[in-house]
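Have a look at the structure below before the remarks.
The values are calculated or read from the model by the stated rules, or taken from the named source; none is laboratory data. Note that the structure is a prediction, hence the values are computed from the model and not measured. Note that each Cβ is placed from the backbone with ideal geometry, even for glycine, and that neighbours are counted across all protein chains shown. When the accessible area is computed, the model is the full protein with side chains, heavy atoms only, and any ligands, DNA or RNA have been set aside. Shrake-Rupley method; radii C 1.70, N 1.55, O 1.52, S 1.80 Å.
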Amino acid sequence: MKLHIAILLALIYACTLNAQLTVKGHITVKNNTDSIHEMAIKNIMMKNSSYIPVPNNNHLFNIKLSSVNNGFYKLNITVRKEDSNKYPFYIPLYMPDSIRAYNLDIQVDNEKILYGFDNDNAFLAEYYNQAHAINKEVWTNTPLSENSLELINQYDSILNKLFIQYKPSKEVELYTRTWNFIEKSKSIKAIQFMYRRDGKTIPQKLDNETKDVVSLLANKYAICFNETPMFFCENLPKGMSFEEKLDYTYEKIEDKNLQESIAEYLLRNYISSYDYNRNFSKGLSILEKCIHKYSLSEEYISDFKKKKYTIDRAPFPDITFYDFEGKEHTFEELKGYYVYIDIWASWCVPCCKEIPHLQKLERELKNPAVKFLSISIDRNEKSWKKKTEEMNLQGNQWLNKNNEISSRLNITAIPRFLLYDKDGKLININAFRPSNPQTKEILEKLK
């Protein structure tokens, strides 16, 4: 009996050793004025895995990881520049379980990084450097129509050249094709944003022409990228209902973690974009059907139900707020008046730009039937108080630092202005801003 136990313990110990991955090495910074601020590593195939700090002593590091038989990790290196600014690198490492220990010789040269301890990782490092250079050009220069397409085409061009040069393994090739699609798509979105921002027409050909995107993003490495759910859903067949999109996801995606990530994206988008005034009961019924079909979290149903407060004539949600002195307040105090509400935060630049217009509106409005209420969603109470004093905010200034108001009223962007009637019922969940001349006209007519 004792022998059996000893053998069992030995097997468990051997398996534990086999599951460990040792990563050690040396990191140097070419620029003598720069230094390594911190290092961390994570397994990017495991959902919700967190970064593990990498001990760094005189540019030497040594860490042991629990391996899950997949090979891909992400190393986060933050370099402190001479001016005290920090520059981050988020680089992939391919370390399959066939090897139990790795020695990394990493070199940081300004915005480039080298870590070619084998052919696959030399390939990953070079793609990172070249793709990063394109990303930087996209964000630092507003592309004109004549060069935006040229920039986007560079992603596929450099990838194909590097495939020929390095001939990476099939696993790394699949990972990098997915990575390339994600980087290319992100840059397209950035360029489209810049065109819209500048009032220019977006070129029709500015699109990611990768064939069979759904199949590409259904591979086992797609879970490594946070943007996969968004781009997967954006490339689903046109005209699909919410139910059909969810069914299609579970049909095409085999990886359970990726299924959950895409389903979560679809559910959050459904809840945030649903027109609750149209047919609340029908929308809830559809959601409940999908949740039960795929055994998903009941929290989505709870979140949907909370949005009943966005329906016309809905009462204000039962939330407790706090004023500058920490005294509790509820919306009940303002019943009997029309209430014009400003949802804002001290860190929100557009919010602060509206405040002088709001102050002017309060001074000039002659209608005693209207009250003004500003609700901050700052999580940092000191920041809220500081901004309140700086801008000399008066009247009803309340704080909702757990941001429950945004969840209940489906507020996804601020500033947001709302209007309630004397009975505390919703009139307009997206009222005009104070800077709009029509706002004063509307509020003056309320009796």
Nonlocal amide H pairs with Asp378, under 5 Å, H built at 1.01 Å: Ser346, Asn400
Sites Ser383 and Asn269, calculated FRET efficiency, Cβ-Cβ separation with R0 45 Å, nearest 0.05: 0.90
Under 17 Å from Lys24, Cα to Cα: lysines that are on another chain or at least 8 residues apart: Lys42, Lys64, Lys74
Local electrostatic count at Lys293 - Lys and Arg +1, Asp and Glu -1, tallied over other residues with Cβ under 12 Å: -2
Neighbourhood net charge (14 Å Cβ-Cβ; Lys/Arg +1, Asp/Glu -1) for Ser302: +1
Stretchable slack from Glu298 to Ala190, in nm (0.36 nm times residue separation minus alpha-carbon distance): 35.4 nm
Segment Ile427-Asp212, length gained on full extension (0.36 nm per residue, minus Cα span): 72.8 nm
FRET efficiency for Glu404 and Asn147, using Cβ-Cβ distance with R0 set to 60 Å, rounded to 0.05: 0.85
Probe 1.4 Å - accessible area at Glu389, Å² to nearest ten: 130
Distribution of pairwise C-alpha distances over the chain, 20 Å bins, in %: 19, 42, 33, 6, 0
Relative contact order of the chain, defined on C-alpha pairs under 8 angstrom at six or more residues apart (%): 10
Under 14 Å, Cβ to Cβ, from Ser281 - net charge with Lys/Arg +1 and Asp/Glu -1: +4
Cα gyration tensor category, rounded, prolate or oblate, for region 144-202 with a/c compared to 1.5: oblate
Share of alpha-carbon pairs per 10 Å distance bin for region 186-308, given as whole %: 11, 37, 31, 19, 2
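With a 1.4 Å probe and every protein chain kept in, tell me what percent of the accessible surface of the chain is carbon plus sulfur.
50
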Phi-based couplings in Hz for region 179-188 (Karplus 6.51, -1.76, 1.60; Gly and Pro marked x): 4, 4, 4, 5, 4, 5, 5, 5, 5, 4
Overall form of region 113-272 per C-alpha gyration tensor (a/c, 1.5; a/b vs b/c): oblate
Straight-distance crosslink candidates among lysines, where the alpha carbon sits under 25 Å from Lys306 and sequence neighbours closer than 8 are dropped: Lys245, Lys282, Lys289, Lys293, Lys335, Lys401, Lys422, Lys425
Relative contact order for region 36-194, counting Cα pairs under 8 Å that sit 6 or more residues apart, in percent: 15
Tilt relative to the chain, helix 381-390 - C-alpha long axis, 0 to 90 degrees, to 10: 50
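Mind checking the per residue accessible area of the chain for me, 1.4 Å probe, whole number of Å²?
54
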Coil-residue GluC sites (Glu not before Pro) of region 34-125, DSSP, other Cβ within 10 Å capped at 13: Glu82, Glu111
Where labels lie 7 Å past Cα in the beta-carbon direction, separation of Arg80 and Gln204 in nm: 5.5
Amide H within-cut-off set for Tyr102, under 5 Å, with H built and near neighbours excluded: Thr22, Val23, Lys24
In order through region 252-265: 3J(HN,Hα) via Karplus (6.51 cos²θ - 1.76 cosθ + 1.60), integer Hz, x for Gly, Pro: 8, 9, 9, 5, 5, 5, 5, 3, 5, 5, 5, 4, 4, 4
Whole-Å distance, taken between Cα centres, linking region 229-255 and region 286-347: 29
Under 5 Å, built H, 5+ apart or other chain: amide partners of Ile44: Tyr73, Lys74
Extension gain from Asp34 to Ile99, taking 0.36 nm per residue of separation minus the Cα-Cα distance: 20.1 nm
FRET efficiency, Lys42 to Ala413 (Cβ-Cβ, R0 25 Å, nearest 0.05): 0.25
Gln165 versus Ala369: modelled label distance in nm, points set 7 Å from Cα along the beta carbon direction: 7.2
Derived scalar couplings ³J(HN,Hα) [region 339-353; Karplus, 6.51 cos²θ - 1.76 cosθ + 1.60; whole Hz; x for Gly, Pro]: 10, 9, 10, 10, 9, 8, 7, 5, 8, 8, 4, x, 4, 5, 5
